[in-house]
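K.L.:
Pasting a structure here, questions to come.
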Amino acid sequence: MSNAFVLEQELLSAVDRRVERIVGHLLAAGPVTPFEAQQAHSLLVGSLHPVPCVADEGNLPSHISMSSCAAGDTSLEQGLPASSAAPDFNSLAKGWDVPPEQQEVSYWLSHVEGTIPPEINGTFIRNGPGHLKRFGRSLVHPIDGDGLVAALTLTNGRAHIKAKYVKTKEFVEETQANKVLYYGMMGSSPGTLKHVRNLLPMLWGHAPHVRIKNPSNTNVLHWGTTLLSMWERGLPYRLDPFTLETIGVETLDGVLKESGCFSAHYRFDDAQKRMVSCALKLRMGKPCTLFFYEFNEDFKLVAEKKAILDNFHYCHDFILTKNYYVVYQTPMYSLDPAYLRKWLLGQLTTDKLMSFDAKRPSRMIVIPRDPQNTNIRFFDTEPTHIYHFVNGYEETGAETDAIVFTACAFEKAFTMEFDKKTFLSNLTKARALLTEYRIDLLNNTCTRRTVDRCACEFPSHNPHYDTRYSRYAYLMACDQPEGTRNAPFEDIVKADVEGQQRSVWNAGYGNAVCEPMFIPKDGATQEDEGWVICQVYNGSSHETQFVLLDAQNIEGGPIARLHLEHPLPYAFHGQWVPQVFMPSQ
């Protein structure tokens, strides 16, 4: 046994004892230092993105069953792919791993099958981790990867792709040093010995040198003339929409200085021509502050709401209606001191902190948009976990006052395990189902029903229908028959809350789909009048393509396949914008 190994174990043991005392202090209700606040924020509010998969129906909560779908709705059985062959997860795992020399690109696509409708003119901008390895060190989870923004421009029947890394402060520093300097939110570290050295100051009562990276890898937002890349635990970065070059950190004229962060998700209020987003400022041992920001078309703040909430430590997405914001208080995390101690020592990744805790509340929180109305209301609901909502609206009448919305709701077995080095959650044990919630404001109740049987996540809808009734959701899904196989996500499902017009497109064996994005048609008079665009990866050929589907004929398959000359890593979230950003424009 080497002296270095013995020394490392002695240091770990000493640091371990010191960490137990510090963790005890972190969990106390007394004052916290700036470092402790940052550390707590890193532990509990990081940008986590689930990609679940089907489990068996027996794992469903008792009040959710396949029979809760509309009686006699045979459409649920339509479009099932016939293949039951075992997936090749090793091949699909390569979709996270693309050689660095193939990542930052710019070119016109020369291989297009089918026809890009000439009336589609705009840009699909998407964000996600560019790598699973940095300077020879493997990341423990894709969520720790630096953001790689790609823009697929469709104009005059042609397609152009460009992609660039978000040059965050941390990305630039590591590139210049040619080594990993920062920790990832999911537990990726600069290395064992360096990690031990970083914890040594704790032996003398000082803060450890644990610096969490802002990878800016979760989503993008184009509003007004501004393009942002976001990661909800930190400030956004401003990008040049024509070149994707990084301009710098953005505080939106100082609006974000108090919260210090900006959500990865946002909503639109077409009636008031506003974009609405949020931010969560965590304080360990004290109430947390949830900010809601409403911006006009010039990206100027026109309304702000602060909600002080106890034991509210996570907010990835929210629902916007005419008069309310709705968020979900999840029971899917743990504040067990032993877990936090192991995390600080690098012995436990954050995915194990995200799991069901029966002691925590599961409830919907309804917050009035009116800045003068401070009546925040809480509605208990069956335990689940929700990362992504679809859409919501209000039902009002002589005897009705309700908020109705849909979301992808997980089973209680959910964790953030990087299962099979392919999916972002424990896909073999827990799935999410498209679920409709109804909050009765008159009777103080919250009920729910299952809308669709497929395992799903990363939903999208027609953004012009934010705050009002909408029927359709477009889902990244696994739509296999019950009892066969549960993965991968190789289907796009168009789900219908009315249970009448469900349709499915299957990408075929060996393929995996990313978040489908709805493209509204100019002058449309129907909600589903438009197209769906989706990034698809083929594990056998290590190739990426984008497919265009007619939203009113999903089962008809792609009207165009846009083949890239290089593989593009899997994406998290994106946005379709009706602008063409080309340097010649």
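K.L.:
Scanning for something of a type in the set (S, T, Y) and within 28 Å of P100 (Cβ to Cβ), does segment 542-555 turn up at least one residue?
P.N.:
Pass one, segment 542-555, residues of a type in the set (S, T, Y): 544.
With within 28 Å of P100 (Cβ to Cβ) added as a condition, the list becomes 544.
Scanning segment 542-555, I find at least one residue that is of a type in the set (S, T, Y) and within 28 Å of P100 (Cβ to Cβ), so the answer is yes.
K.L.:
OK, next. Could you please give the count of residues in segment 284-311 that are surrounded by 15 or more Cβ atoms within 10 Å (Cβ to Cβ) and either more than 17 Å from Y325 (Cβ to Cβ) or touching a helix residue (DSSP H, G or I) at 6+ places or on another chain (Cβ under 8 Å) (or both)?
P.N.:
4
K.L.:
Pick out, from segment 527-585, the strands (runs of 3 or more DSSP E) lying fully within it that include 1 or more residues that are modelled with pLDDT of 95 or more and in contact with a His (Cβ under 8 Å, 6 or more places away or on another chain).
P.N.:
Hits in segment 527-585: 543-550, 558-563, 573-577.
K.L.:
Also, I was wondering about something else. Just need a number here: residues in segment 486-521 that are surrounded by fewer than 22 Cβ atoms within 10 Å (Cβ to Cβ), part of a loop (DSSP other than H, G, I, E, B), at negative phi and touching a strand residue (DSSP E or B) at 6+ places or on another chain (Cβ under 9 Å).
P.N.:
Summing the residues that are surrounded by fewer than 22 Cβ atoms within 10 Å (Cβ to Cβ), part of a loop (DSSP other than H, G, I, E, B), at negative phi and touching a strand residue (DSSP E or B) at 6+ places or on another chain (Cβ under 9 Å) in segment 486-521 gives 4.
K.L.:
Only one of (1) in contact (Cβ under 8 Å) with a residue 12 or more places away in the chain; (2) open to solvent by 30 Å² or more (accessible area, probe 1.4 Å); (3) polar (S, T, N, Q) fails for N443. Which number is that?
P.N.:
(1)
K.L.:
Within segment 379-388, can one find any residue that is at pLDDT 85 or above and aromatic (F, W, Y)?
P.N.:
yes
K.L.:
Any idea which residue in segment 296-307 is nearest to A358 (Cα to Cα), counting only those that are of a type outside the set (S, T, N, Q) and more than 24 Å from the chain's Cα centre (by Cα)?
P.N.:
That would be A303.
K.L.:
Based on what the data block shows, is T450 open to solvent by less than 10 Å² (accessible area, probe 1.4 Å), in contact with a helix residue (DSSP H, G or I) (Cβ under 7 Å, 6 or more places away or on another chain), over 21 Å from G574 (Cα atoms) and at pLDDT 95 or above?
P.N.:
So T450 passes the test.
K.L.:
Within the set of pairs 6 or more residues apart or between chains, which connect a residue that is closer than 13 Å to I120 by Cα and without any contact (Cβ under 8 Å) to a residue 40 or more places away in the chain inside segment 520-538 to a residue that is surrounded by 20 or more Cβ atoms within 10 Å (Cβ to Cβ) and of a type in the set (A, V, I, L, M, F, W, C) with Cβ atoms less than 9 Å apart?
P.N.:
Short answer, once both residue conditions are applied: E529/A551.
For every residue, the table says whether it meets (1) closer than 23 Å to D440 by Cβ; (2) touching a strand residue (DSSP E or B) at 6+ places or on another chain (Cβ under 7 Å); (3) touching a residue at least 40 places away in the same chain (Cβ under 8 Å); (4) among the hydrophobic types (A, V, I, L, M, F, W, C).
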{"residue": "T384", "(1), (2), (3), (4)": "yes, yes, yes, no"}
{"residue": "G392", "(1), (2), (3), (4)": "yes, yes, yes, no"}
{"residue": "A398", "(1), (2), (3), (4)": "yes, no, no, yes"}
{"residue": "I403", "(1), (2), (3), (4)": "yes, yes, yes, yes"}
{"residue": "T406", "(1), (2), (3), (4)": "yes, yes, yes, no"}
{"residue": "E411", "(1), (2), (3), (4)": "no, no, yes, no"}
{"residue": "F414", "(1), (2), (3), (4)": "no, no, yes, yes"}
{"residue": "K420", "(1), (2), (3), (4)": "no, no, yes, no"}
{"residue": "F423", "(1), (2), (3), (4)": "no, no, yes, yes"}
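This table checks each residue for (1) surrounded by 22 or more Cβ atoms within 10 Å (Cβ to Cβ); (2) of a type in the set (G, A, S); (3) on the phi > 0 side of the Ramachandran plot; (4) part of a strand (DSSP E or B).
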{"site": "H131", "(1), (2), (3), (4)": "no, no, no, no"}
{"site": "V140", "(1), (2), (3), (4)": "no, no, no, no"}
{"site": "V149", "(1), (2), (3), (4)": "yes, no, no, yes"}
{"site": "L152", "(1), (2), (3), (4)": "yes, no, no, yes"}
{"site": "I161", "(1), (2), (3), (4)": "no, no, no, yes"}
{"site": "K167", "(1), (2), (3), (4)": "no, no, no, no"}
{"site": "V172", "(1), (2), (3), (4)": "no, no, no, no"}
{"site": "T175", "(1), (2), (3), (4)": "no, no, no, no"}
{"site": "M185", "(1), (2), (3), (4)": "yes, no, no, no"}
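K.L.:
Q579 is checked against (1) under 22 Å from H111 (Cβ atoms); (2) surrounded by fewer than 20 Cβ atoms within 10 Å (Cβ to Cβ) and fails just one. What number does that condition carry?
P.N.:
(1)
K.L.:
Might you check whether a residue that is open to solvent by less than 30 Å² (accessible area, probe 1.4 Å), hydroxyl-bearing (S, T, Y), under 23 Å from R561 (Cβ atoms) and out of contact with any Lys or Arg (no Cβ under 7 Å at 6 or more places or on another chain) occurs anywhere in segment 107-119?
P.N.:
So in segment 107-119, the residues open to solvent by less than 30 Å² (accessible area, probe 1.4 Å) come out as 109, 116-117.
Narrowing the set further to residues that are hydroxyl-bearing (S, T, Y) leaves none.
No, that holds for no residue.
K.L.:
From the residues in segment 211-239 that are open to solvent by 10 Å² or more (accessible area, probe 1.4 Å) and in contact with a Phe, Trp or Tyr (Cβ under 6 Å, 6 or more places away or on another chain), which one is modelled with the lowest pLDDT?
P.N.:
R211
K.L.:
Shifting gears a bit: Applying the selection to segment 240-283, what residues are at pLDDT 95 or above and touching a helix residue (DSSP H, G or I) at 6+ places or on another chain (Cβ under 7 Å)?
P.N.:
F268, D270
K.L.:
Tell me, yes or no, whether segment 314-328 has at least one residue that is touching a helix residue (DSSP H, G or I) at 6+ places or on another chain (Cβ under 9 Å), at pLDDT 95 or above, of a type outside the set (V, I, T) and closer than 23 Å to A279 by Cα.
P.N.:
Taking every residue of segment 314-328 in turn, none turns out to be touching a helix residue (DSSP H, G or I) at 6+ places or on another chain (Cβ under 9 Å), at pLDDT 95 or above, of a type outside the set (V, I, T) and closer than 23 Å to A279 by Cα.
K.L.:
So which strands (runs of 3 or more DSSP E) stay within segment 388-451 end to end and still have 3 or more residues that are of a type in the set (S, T, Y)?
P.N.:
On the way: elements: 400-410, 432-440, 445-450.
Fully inside segment 388-451 and qualifying: 445-450.
K.L.:
I need every pair where a residue in segment 551-571 that is closer than 28 Å to H141 by Cα has its Cβ under 6 Å from the Cβ of a residue that is among the aromatic types (F, W, Y), sequence separation at least 6 or different chains.
P.N.:
Close Cβ pairs (under 6 Å, with a partner that is among the aromatic types (F, W, Y)) amount to P569/W96; Y570/W96.
K.L.:
Which residues, taken from segment 522-555, are under 23 Å from the mean Cα position of the chain (by Cα), open to solvent by less than 20 Å² (accessible area, probe 1.4 Å) and over 20 Å from P118 (Cβ atoms)?
P.N.:
Scanning segment 522-555 gives C534, Q535, V536, Y537, G539, T544.
The values are calculated or read from the model by the stated rules, or taken from the named source; none is laboratory data. Please read all numbers here as calculations on a predicted model, not as lab measurements. Because the Cβ atoms are built from the backbone with ideal geometry, glycine has one as well, and the counts that use them run over all protein chains shown. For the accessible areas, the whole protein counts, side chains as well, though only heavy atoms, and no ligand, DNA or RNA atoms are used. Shrake-Rupley method; radii C 1.70, N 1.55, O 1.52, S 1.80 Å.
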